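> Below is one structure. I have some questions about it.
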């Protein structure tokens, strides 16, 4: 098969499968199965972990967040493994101009998972605000992002008590780190594979330009989805962090 035909097929399959994984309404499923409540009818009517924490308690909120992170990163690792270790496909990842396209697809999978999370096909194209997806895309792929973005998240959450502001600031910091790592990787002959969780594997996901671009796009998506929160922050009417409550 023609190399570009293979790449088109890979791109379409990755986009569709990642979108469907991201579309899984974790909060809705848990709310209906274990509490008999559609989370979309209570609180902020959002299906994400923050509203789940307000509706069902902190432990359930954390569970929803973790599951949403996993549904984002699972397509990523599966795509990376296939494009790296299946010769019949990986041999077609080098385009005619020498560009190695695999990072475009496995990092792109996290973007489509985030899109699915925000506009789920299973919820009439409604959904969450991409916070858990962004966390999954950076925290579960790179330990340097886990440390820096995670520290930022904890610091801002403690100081501001607003989960929306915390999420936005953490996304900005995470994206800045992604660009710093990518620029260094491009400027010098250096593969920053040791900054990923697969630190001992040289074929680990490449933290290059694709990594930074996708981080940026998911961050923009996250911020856009928080438009109403930003307005409430300006007006001083935003809800406080439910994970800091005693519930």
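The values are calculated or read from the model by the stated rules, or taken from the named source; none is laboratory data. This one's a predicted model, so the numbers in the text were calculated from it and none came from an experiment. A quick note on method: Cβ atoms are made from the backbone with ideal geometry, for glycine too, and the neighbour counts reach across all protein chains shown.
> Go through the residues of the stretch 186-208 one by one and say whether even a single one is within 20 Å of residue 227 (Cβ to Cβ) and surrounded by fewer than 21 Cβ atoms within 10 Å (Cβ to Cβ).
no
> Next up: Hey, which of the helices (runs of 4 or more DSSP H) in the stretch 97-179, taking only ones fully inside, have at least 3 residues that are buried (at least 17 other Cβ atoms within 10 Å of the Cβ), more than 10 Å from the chain's Cα centre (by Cα) and on the phi < 0 side of the Ramachandran plot?
102-118, 143-160
> Within the stretch 214-227, track down each residue that is part of a helix (DSSP H, G or I) and in contact (Cβ under 8 Å) with a residue 60 or more places away in the chain.
Listed by number, the residues that qualify are 214, 215, 217, 218, 219, 221, 222, 225.
> From the list 8, 3, 24, pick out the single residue that is in contact (Cβ under 8 Å) with a residue 12 or more places away in the chain and surrounded by fewer than 16 Cβ atoms within 10 Å (Cβ to Cβ).
3
> Restricting attention to the stretch 45-54, report how many residues are in contact (Cβ under 8 Å) with a residue 12 or more places away in the chain and either more than 21 Å from the chain's Cα centre (by Cα) or surrounded by fewer than 16 Cβ atoms within 10 Å (Cβ to Cβ) (or both).
Going through the stretch 45-54 one residue at a time, the tally reaches 1.
> Taking the criterion of being under 18 Å from the mean Cα position of the chain (by Cα) and within 19 Å of residue 111 (Cβ to Cβ), would at least one residue in the stretch 26-34 satisfy it?
For the stretch 26-34, residues under 18 Å from the mean Cα position of the chain (by Cα) and within 19 Å of residue 111 (Cβ to Cβ): present.
Residues checked against (1) modelled with pLDDT under 95; (2) more than 30 Å from residue 38 (Cα to Cα):
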| position | (1), (2) |
| --- | --- |
| 58 | yes, no |
| 69 | no, no |
| 78 | no, yes |
| 91 | yes, yes |
| 97 | yes, yes |
| 106 | no, yes |
| 114 | no, no |
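> Tell me, which helices (runs of 4 or more DSSP H) lie completely within the stretch 1-81 with 2 or more residues that are out of contact with any strand residue (DSSP E or B) (no Cβ under 6 Å at 6 or more places or on another chain) and closer than 27 Å to residue 241 by Cβ?
In the stretch 1-81, the matching helices (runs of 4 or more DSSP H) lie at 26-30, 49-56.
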